[in-house]
């Protein structure tokens, strides 16, 4: 019995360390340490995508300075993990930090990711009746400065949904 308790504590410690590594260095670097994204999903989250998403329940929530209808979710200024567009009721989720791990680590398709992320933003941030989609985190300030294009509309990798380039400066 004592050995079983030690093993459980060791596994829980590993899970917590892996989760902190993901927050500090991103899921890709962490996955490299444990033999890939599928193994990371198994070790850190028991193959439960909601457990992964709930790891981000403690983000700072701030009003965008440049877009009056946007609420930004992040741990550090300039790196938004999520953007809530109140006017259009969309929640844009950062592809490289969150959405892609749901694809690569858990093997989930686009529509199922939407269902999981919609449930998560409801549970964690009380955002109800929204549509969740990913964004690529394109640095709009570079587009703005280089081409003087503000409020550019683009297509996301063949999806028919249109969105604006996301701000990383607020």
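Residue count for region 30-50 under the criterion of being out of contact with any helix residue (DSSP H, G or I) (no Cβ under 7 Å at 6 or more places or on another chain), closer than 17 Å to residue 12 by Cα and in a loop (DSSP other than H, G, I, E, B): the result is 2. Only one of 136, 102 is closer than 26 Å to residue 18 by Cβ, within 16 Å of the chain's Cα centre (by Cα) and modelled with pLDDT under 95. Can you tell me which? Step by step, each of 136, 102 is checked, and only 136 is closer than 26 Å to residue 18 by Cβ, within 16 Å of the chain's Cα centre (by Cα) and modelled with pLDDT under 95.
Looking only at residues in region 89-102 that are touching a helix residue (DSSP H, G or I) at 6+ places or on another chain (Cβ under 7 Å) and part of a helix (DSSP H, G or I), the one that is farthest from residue 129 (Cα to Cα) is 101.
Each residue in region 51-70 was checked for being touching a helix residue (DSSP H, G or I) at 6+ places or on another chain (Cβ under 9 Å) and surrounded by 13 or more Cβ atoms within 10 Å (Cβ to Cβ), and 7 pass.
Contact annotation: residue pairs with Cβ atoms under 7 Å, 6 or more positions apart or on different chains, pairing a residue in region 113-130 that is without any contact (Cβ under 8 Å) to a residue 40 or more places away in the chain with a partner that is buried (at least 16 other Cβ atoms within 10 Å of the Cβ) and outside any helix (DSSP H, G or I), are 114/132; 118/130; 118/132; 121/91; 121/127; 121/130; 121/132.
The values are calculated or read from the model by the stated rules, or taken from the named source; none is laboratory data. Given the structure is predicted, the values throughout are model-derived calculations rather than measurements. Cβ atoms come from the backbone with ideal geometry, glycine included; neighbour counts cover every protein chain shown.
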